[in-house]
1. Could you give the distance between the Cα centres of segment 96-122 and segment 1-64, to the whole Å?
2. If I build a Gaussian network model for the chain, linking alpha-carbon pairs within less than 10 angstrom, which residue out of 67, 100, 141 has the largest mean-square fluctuation?
3. Full-extension gain between residue 181 and residue 114, please, as 0.36 nm times their residue separation minus the C-alpha to C-alpha distance.
4. Which of the three applies to the chain, rounded, prolate or oblate, going by the alpha-carbon gyration tensor with a ≥ b ≥ c and a/c under 1.5 meaning rounded?
5. Does segment 1-107 come out rounded, prolate or oblate, given a ≥ b ≥ c as the square roots of the eigenvalues of its C-alpha gyration tensor, rounded meaning a/c under 1.5 and, failing that, prolate meaning a/b above b/c?
6. How many nm is it between the label spots at residue 106 and residue 153, if each spot is 7 Å from the Cα in line with the beta carbon?
7. Taking 0.36 nm per intervening residue step and subtracting the Cα-Cα distance, what contour gain separates residue 56 from residue 42 on full extension?
8. Would segment 58-103 count as rounded, prolate or oblate if I go by the C-alpha gyration tensor, calling it rounded below 1.5 in a/c and otherwise prolate when a/b exceeds b/c, oblate otherwise?
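Please treat every number below as a calculation from the coordinates, not as lab data. All figures in this text were calculated on a predicted structure; none of them were measured in a lab. Cβ placement follows ideal geometry from the backbone for every residue including glycine, while neighbour counts extend to all protein chains displayed.
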Ligand SMILES: Cc1cc2nc3c(=O)[nH]c(=O)nc-3n(C[C@H](O)[C@H](O)[C@H](O)COP(=O)(O)O)c2cc1C
């Protein structure tokens with residue numbers, strides 16, 4: 001696909017199944033991530049690539065973090081445990097926060113977000129589907145999450161890319177009016 005075709009046609013797919021990207025295809029996707037704009041070359045982006053039984057481990061971490069956060073409803077806890085099973089692969093998006101620099105933490109998180117979008121675009125270009133989700137299981141919403149996921153305290157889980165192959169047709173891309181979003185100063 002041409003770059004602009006990818007940019008203009010990318011949609012998110014909430015329903016995903018096998019096959020997942022190969023190791024080589026993921027290497028390309030991470031190379032795209034590492035091209036994210038990065039103030040001060042802090043390289044703040046970290047990822048955990050989860051597939052197969054790894055998803056059960058992630059589900060257990062969600063369940064335990066929710067429990068420690070006070071959730072007692074067994075139905076909800078089971079639902080949390082099953083969240084990672086919504087796709088055959090999940091990529092955890094993490095920012096390794098550097099507080100010793102003058103570069104604001106928000107910029108470090110923004111760089112991770114762009115890296116995530118680069119991964120999404122690269123995978124879409126290869127014919128895969130991606131759905132970016134946050135929900136309750138991000139560091140700033142659950143203070144027990146890092147410990148349950150075995151992630152350093154100086155790092156922030158900012159979201160998840162659910163990855164796989166689309167089993168539904170791409171939805172229509174909404175047509176938005178440019179003038180609702182863009183101002184012009186001449
Ligand atoms: C940072 C971020 C977090 C998101 N979190 C969720 C989420 O938790 N649940 C959800 O349904 N969509 C979430 N979305 C939105 C979807 O990924 C998707 O963009 C949206 O459904 C619109 O679809 P489209 O990308 O095909 O236009 C999030 C998007 C971003 C950028």
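1. Answer, in whole Å: 14.
2. Highest fluctuation of the listed residues: 100.
3. Values: separation 67, 0.36 × 67 = 24.12 nm, distance 2.02 nm.
Length difference between fully extended and current span is 22.1 nm.
4. Working: a/c = 1.61, a/b = 1.21, b/c = 1.33.
Note, shape of the chain comes out oblate.
5. Details: a/c = 2.24, a/b = 1.25, b/c = 1.79.
It comes out oblate by the Cα gyration axes.
6. 2.6 nm
7. On the way: separation 14, 0.36 × 14 = 5.04 nm, distance 3.19 nm.
Gain in length upon complete extension: 1.8 nm.
8. On the way: a/c = 4.85, a/b = 1.72, b/c = 2.82.
It is oblate, given that a/c is not under 1.5 and a/b is not larger than b/c.
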